[in-house]
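Note sheet for the following structure.
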Amino acid sequence: MRRLGRLATVLAAAALAVTPALGTPAATATPPVTKVKLHGVDLDTATVLDLQDHMNKHRFTSAQLTSFYLSRIQQLNPELHAVIETNPDALSEAVASDEHRAQQGSRGPLDGIPVLLKDNVGTGDREHTTAGSFALLGDNPADAFLVSKLRAAGAVILGKANLSEWANFRSTSSSSGWSGRGGQTNNPYVLDRNPCGSSSGSAVAAAADLATVTIGTETDGSIVCPSGTNDDVGIKPTLGLVSRTGVIPISAEQDTAGPITRNMTDAAAVLSVIQGVDSSDPATVAAGPFVHRNYLGDLDAHALQGKRIGVWRGGGDVADVNAVTDATIAELRAQGATVIDNIDLPGLDDAFNNEFPALLVEFKHDINAYLAGTPGQHPADLEGLINFDIQHADIEMPFFKQEIFDLAQATNGDLTDPTYIQERATATTDARNAIDTALAANHLDAIVAPTNGPAWVTNLQTGDDFTNFVSASGPAAIAGYPDLTVPAGYADSGQLPIGMSFFGTAFSEPSLIAMGYAFEQATHARRAPTFLPTLPTP
């Protein structure tokens with residue numbers, strides 16, 4: 001366990017590391033677009049299964065792999081701000097993995113694999129867990145349940161990824177990927193474009209090869225949107241498949257953690273490890289019959305053949321997004337799927353209208369409980385967090401405020417309040433009905449929708465502008481249903497990635513992973529980032 005001195009001293013020292021300006025890349029040379037190789041192995045395209053094979057054949061060790069990523073973080077993070085801190089014990093964990101492999105063999109696909117965790121996932125080591133806020137620098141959490149699963153699988157905890165502070169549940173005018181501790185995360189495809197959030201650092205780190213795999217969290221869009229925007233695979237699991245114990249919360253009714261990776265194989269491997277029944281998280285107990293599955297066994301390059309897939313275009317109407325969607329439909333049909341275009345998800349308006357007021361109540365309740373149960377020197381409750389931000393406005397609120405914190409604090413935080421109960425019931429029930437009705441009415445195996453649209457109007461120095469965003473995350477997020485995104489195409493002359501989401505009913509991960517893998521293998525749409533400073537002038 002780490003030991004910290006007085007919080008004021010920690011704040012003063014940490015403030016020196018804050019990124020100088022929101023959305024402004026650091027004054028370093030744009031990194032060259034080269035193959036990311038270790039001992040001749042292209043790490044950008046290698047899967048965790050490939051890496052296991054190379055380590056078993058002594059081509060390189062986990063310690064060498066971990067050292068490679070630590071060096072790459074040191075090289076690129078001044079420009080990307082995707083990593084808040086690295087784990088001072090990462091190399092010793094890698095050495096321990098190598099020793100275990102030599103003595104007893106590999107423990108599985110993640111043994112010796114460096115993993116970056118979003119900075120709201122707790123670790124009981126010398127790292128911090130802060131949700132990007134200086135307010136939690138003095139906390140002292142234990143390992144989150146999912147971290148204990150990663151450690152048992154032999155994974156190396158490489159460090160903590162930057163994020164939209166407090167998982168983007170602090171301000172109504174925030175900038176995706178900005179936190180007080182980490183500064184502004186920059187999109188590696190076009191550095192001045194929005195990386196989406198709140199798992200911005202996890203998605204950017206995966207895309208730019210700062211780790212083999214990463215972990216993100218989602219309440220609504222925070223895994224799939226940054227994954228789509230950064231040309232990653234992201235899986236937002238069914239609520240209860242992955243424990244939330246030890247993860248800084250927004251809402252137990254929608255929160256989940258999940259993998260963000262460069263390919264479907266790695267995502268399936270990570271999800272297989274981090275799932276599990278946790279007696280401290282009732283949702284996982286209820287999900288018990290659906291956990292302990294090896295999703296690597298579901299990878300099937302022919303899984304689209306004979307499937308019926310509906311296309312939902314309700315997220316928006318943007319020319320480049322429509323072009324990628326049309327190309328996706330053509331590929332799905334070429335792979336043997338029957339596609340029903342322009343399906344409807346009925347009744348979503350009430351789900352969307354009731355989601356936010358319900359989340360406000362849940363956040364106040366859940367964050368107060370988290371703070372009360374987490375040892376260390378930190379504010380005791382949401383009111384204390386609000387006061388901390390006011391007292392440290394120079395480092396916590398230099399660009400935007402805390403309107404959502406204030407709105408949540410104004411609620412009673414009472415999960416037994418009849419008004420709240422009705423809001424949550426309406427939001428969840430209507431979202432589930434919308435998806436289940438569409439699946440049944442059209443005899444569908446899955447629903448496909450563009451994950452995100454290009455943020456071509458966004459200037460990160462002025463905060464988020466969602467004018468040209470498309471987001472398909474809402475229905476599955478509110479319902480607690482699974483949603484995965486796969487690279488699908490590009491906007492703005494091929495510079496900005498667009499992902500395609502596959503979602504369905506509860507615990508349909510096996511079929512969604514199979515179809516996502518088949519789509520990935522048919523298209524091979526992802527390409528490595530180019531680190532453009534800005535978009536070329538038309």
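Inside region 106-126, residues that are of a type in the set (D, E, K, R) and surrounded by fewer than 22 Cβ atoms within 10 Å (Cβ to Cβ) make up a count of 3. Restricting region 127-149 to residues that are aliphatic (A, V, I, L, M) and buried (at least 24 other Cβ atoms within 10 Å of the Cβ) leaves a set whose member that is farthest from residue 71 (Cα to Cα) is 135.
For region 213-229, indicate whether the set of residues that are more than 18 Å from residue 450 (Cα to Cα), touching a residue at least 12 places away in the same chain (Cβ under 8 Å) and part of a loop (DSSP other than H, G, I, E, B) is non-empty.
Within region 213-229 (the criterion being more than 18 Å from residue 450 (Cα to Cα), touching a residue at least 12 places away in the same chain (Cβ under 8 Å) and part of a loop (DSSP other than H, G, I, E, B)), the answer is yes, since at least one residue qualifies.
When region 389-421 is limited to residues that are closer than 27 Å to residue 354 by Cβ and of a type in the set (A, V, I, L, M), the one that is surrounded by the most Cβ atoms within 10 Å (Cβ to Cβ) turns out to be 408. Evaluating residue 373 against the criteria (1) surrounded by fewer than 19 Cβ atoms within 10 Å (Cβ to Cβ); (2) in contact (Cβ under 8 Å) with a residue 12 or more places away in the chain leaves one unmet condition, (2). None of 386, 367 is over 30 Å from residue 265 (Cβ atoms), among the β-branched types (Val, Ile, Thr), within 23 Å of the chain's Cα centre (by Cα) and surrounded by 17 or more Cβ atoms within 10 Å (Cβ to Cβ) except 367. The set of residues from region 399-417 being in a loop (DSSP other than H, G, I, E, B) and within 25 Å of the chain's Cα centre (by Cα) comprises 399, 400, 401, 402. Is one or more of the residues making up region 248-267 of a type in the set (Lys, Arg), over 11 Å from the mean Cα position of the chain (by Cα) and more than 25 Å from residue 62 (Cβ to Cβ)? Checking region 248-267: not a single residue is of a type in the set (Lys, Arg), over 11 Å from the mean Cα position of the chain (by Cα) and more than 25 Å from residue 62 (Cβ to Cβ). In region 385-398, the qualifying residues are those that are touching a residue at least 24 places away in the same chain (Cβ under 8 Å), in a helix (DSSP H, G or I) and not charged (D, E, K, R), and the one that is nearest to residue 171 (Cα to Cα) is 385. You will find that of 315, 276, 288, the residue that is of a type outside the set (A, V, I, L, M, F, W, C), surrounded by fewer than 19 Cβ atoms within 10 Å (Cβ to Cβ) and either on the phi > 0 side of the Ramachandran plot or at pLDDT below 95 (or both) is 288 and no other.
All conditions but one from (1) at pLDDT 95 or above; (2) touching a Gly at 6+ places or on another chain (Cβ under 7 Å); (3) not in a strand (DSSP E or B) apply to residue 520; the one that does not is (2).
The listed residues are 188, 226, and the only one of them that is surrounded by 24 or more Cβ atoms within 10 Å (Cβ to Cβ), at pLDDT 95 or above and touching a Cys at 6+ places or on another chain (Cβ under 7 Å) turns out to be 226. Looking across region 85-105, just one residue is assigned to a loop (DSSP other than H, G, I, E, B) and buried (at least 17 other Cβ atoms within 10 Å of the Cβ), and that is 87. Across region 257-271, the qualifying residues are those that are touching a residue at least 60 places away in the same chain (Cβ under 8 Å) and within 22 Å of residue 477 (Cβ to Cβ), and the one among them that is surrounded by the fewest Cβ atoms within 10 Å (Cβ to Cβ) is 271. Of the residues making up region 229-256, just one is touching a Gly at 6+ places or on another chain (Cβ under 6 Å) and either of a type in the set (Lys, Arg) or surrounded by fewer than 24 Cβ atoms within 10 Å (Cβ to Cβ) (or both), namely 236.
Restricting attention to region 170-184, the residues being part of a loop (DSSP other than H, G, I, E, B) and either surrounded by 24 or more Cβ atoms within 10 Å (Cβ to Cβ) or not β-branched (Val, Ile, Thr) (or both) number 10. Which one is farthest from residue 38 (Cα to Cα), of the residues in region 185-211 that are among the polar types (S, T, N, Q) and not in a loop (DSSP other than H, G, I, E, B)? Result: 200.
Just one of the listed residues (205, 153) is surrounded by 24 or more Cβ atoms within 10 Å (Cβ to Cβ) and at pLDDT 95 or above, namely 205.
The values are calculated or read from the model by the stated rules, or taken from the named source; none is laboratory data. Bear in mind the structure is a predicted one, so any value in this text is a computation, not a measurement. All Cβ positions, glycine included, derive from the backbone under ideal geometry; neighbour counts span all protein chains shown.
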